[in-house]
Amino acid sequence: MCPYKDRSAVSANSGGGGGTHSQSGISRSTYGKWLLLSSLPSALLLSVTNFITSEVGSFPLIWVAPLALYLGSFIITFRSNGGVPHFLKTLWPEFLLLSFASYLSRSQSWLAVIMNVSILFLICLIAHGTLYEERPPASGLTNFYLTAALGGWLGGAFSSLVAPQIFKGLYDYPLLLMLSAFAFWWCCDKSFLNFWTKAPFSDTAFRTSIIGVVLVLIVMLGWPSLKDNVIFRHRNFYGTYRIIDVIPFGGYRDGIRVLCHGAAVHGSQLLNPGLHKVPTSYYQAVESQMYLKLSLRHERSAS
């Protein structure tokens with residue numbers, strides 16, 4: 001708290017903090033911003049961790065990397081003269097779109113893990129940096145930190161307790177990305193808008209093409225999920241479950257019914273009544289298991 005005290009001592013008119021709050025009081029909209037900017041990164045931390053462990057791959061201590069970057073964003077943004085890095089004030093829409101594309105891709109590779117965790121870190125930098133810039137004078141710091149702590153708790157409670165009860169899949173991830181877009185538009189400065197009015201035409205054209213490519217990628221990745229024949233979907237504390245009918249499947253015209261827990265196939269049965277007892281997945285050769293896994297990869301929906 002020393003940096004805030006030093007800042008407030010510089011000038012009585014500076015207010016001591018990065019925000020525009022007066023000594024007389026703090027508005028309700030300001031409390032709303034503090035809650036929103038502190039709760040979204042906390043909720044995203046758990047949503048990204050759940051997404052990686054269930055849809056990309058479960059690795060020992062995989063949760064350490066997202067948590068470390070989440071905490072590291074506080075160190076970077078809440079230092080003296082901290083805040084949002086300048087390039088993120090302008091480029092945050094592209095990073096949110098890339099995160100949405102990564103969610104839809106369901107890629108099971110280390111690149112997917114690195115991409116999701118990196119974008120989480122950038123979103124935390126923007127949210128926590130804006131939270132730092134919205135801090136009040138020294139006299140209001142108690143309310144500021146209590147509100148930020150409450151927001152962090154609410155975000156964690158939403159992803160851990162509420163989302164599994166109201167969503168049948170990992171829909172809280174894209175929902176939180178959309179809420180982040182709203183929060184950044186509402187709370188951040190207008191560097192994003194200033195770019196389009198002040199940048200040279202070549203820069204705006206290049207950036208427009210990049211955004212267009214990402215939007216096309218999102219449509220291409222999301223369209224197959226609309227065609228998935230998911231006959232049952234369930235979610236609880238341990239993950240997401242889906243029963244999918246794949247028709248046709250390989251040389252079987254009637255198709256196959258598959259039980260998936262996240263990205264893992266936990267059982268399957270041919271839909272032809274005469275073939276119900278034919279061994280598949282666990283009870284078949286390794287080559288058949290790999291064929292089943294590869295054939296189903298493009299059928300996985302956004303859980």
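The values are calculated or read from the model by the stated rules, or taken from the named source; none is laboratory data. These numbers come from a predicted model, not from an experiment. Because the Cβ atoms are built from the backbone with ideal geometry, glycine has one as well, and the counts that use them run over all protein chains shown.
Taking the stretch 73-122 as the range and being touching a Cys at 6+ places or on another chain (Cβ under 8 Å) and of a type in the set (Gly, Ala, Ser) as the test, only SER73 passes. Against the conditions (1) more than 27 Å from VAL213 (Cβ to Cβ); (2) more than 13 Å from the chain's Cα centre (by Cα); (3) surrounded by 21 or more Cβ atoms within 10 Å (Cβ to Cβ), VAL84 satisfies every one except (1). For the stretch 96-112, state whether one or more residues are part of a helix (DSSP H, G or I), of a type in the set (Ser, Thr, Tyr) and farther than 25 Å from PHE167 by Cα. No, because not a single residue in the stretch 96-112 is part of a helix (DSSP H, G or I), of a type in the set (Ser, Thr, Tyr) and farther than 25 Å from PHE167 by Cα.
Note on the stretch 245-270: residues that are of a type in the set (Ser, Thr, Tyr) and either in contact with a Lys or Arg (Cβ under 6 Å, 6 or more places away or on another chain) or modelled with pLDDT under 80 (or both) amount to 1. Residues in the stretch 59-84 that are under 14 Å from ALA148 (Cβ atoms) and without any contact (Cβ under 8 Å) to a residue 40 or more places away in the chain: LEU71 only. The criterion of at least 1 residues that are of a type in the set (Val, Ile, Thr) and out of contact with any strand residue (DSSP E or B) (no Cβ under 6 Å at 6 or more places or on another chain) is met, among helices (runs of 4 or more DSSP H) falling completely within the stretch 116-194, by 141-157, 163-166. Quick one: is SER39 farther than 21 Å from TYR241 by Cβ and at pLDDT 95 or above? Criteria met by SER39. When you look at LEU91, is it at pLDDT below 90 and at positive phi, yes or no? No: the conditions fail for LEU91.
Residues in the stretch 232-256 that are without any contact (Cβ under 8 Å) to a residue 24 or more places away in the chain and part of a strand (DSSP E or B): PHE232, TYR241, ILE243, TYR252. Within the stretch 218-241, take every residue that is in contact with a helix residue (DSSP H, G or I) (Cβ under 8 Å, 6 or more places away or on another chain) and hydroxyl-bearing (Ser, Thr, Tyr) and give me the one that is surrounded by the fewest Cβ atoms within 10 Å (Cβ to Cβ). Looking at the filtered set, the residue picked out is SER225.
Scanning the stretch 257-266 for residues that are assigned to a strand (DSSP E or B) and either under 25 Å from the mean Cα position of the chain (by Cα) or under 22 Å from SER159 (Cβ atoms) (or both) yields CYS260, HIS261, ALA264, VAL265. Of all residues in the stretch 170-197, those satisfying the criterion of being modelled with pLDDT of 85 or more and either among the hydroxyl-bearing types (Ser, Thr, Tyr) or farther than 30 Å from ALA157 by Cα (or both) are TYR171, TYR173, SER180.
Report yes if some residue within the stretch 271-291 is within 29 Å of VAL162 (Cβ to Cβ), surrounded by fewer than 16 Cβ atoms within 10 Å (Cβ to Cβ) and at pLDDT 75 or above; otherwise report no. Within the stretch 271-291, not a single residue is within 29 Å of VAL162 (Cβ to Cβ), surrounded by fewer than 16 Cβ atoms within 10 Å (Cβ to Cβ) and at pLDDT 75 or above. Could you list, in sequence order, all residues of the stretch 200-229 that are at pLDDT below 85 and not in a helix (DSSP H, G or I)? Correct list: LYS227, ASP228, ASN229.
Residues that are among the hydroxyl-bearing types (Ser, Thr, Tyr) and either surrounded by 18 or more Cβ atoms within 10 Å (Cβ to Cβ) or farther than 30 Å from HIS261 by Cα (or both) within the stretch 87-115 comprise THR90, SER99, SER102, TYR103, SER105, listed in sequence order. When residues in the stretch 158-190 are screened for being among the polar types (S, T, N, Q) and surrounded by fewer than 16 Cβ atoms within 10 Å (Cβ to Cβ), 2 of them pass.
Restrict the check to the stretch 101-124 and report whether at least one residue is over 30 Å from PRO224 (Cβ atoms), touching a residue at least 24 places away in the same chain (Cβ under 8 Å) and out of contact with any Gly (no Cβ under 6 Å at 6 or more places or on another chain). For the stretch 101-124, residues over 30 Å from PRO224 (Cβ atoms), touching a residue at least 24 places away in the same chain (Cβ under 8 Å) and out of contact with any Gly (no Cβ under 6 Å at 6 or more places or on another chain): present.
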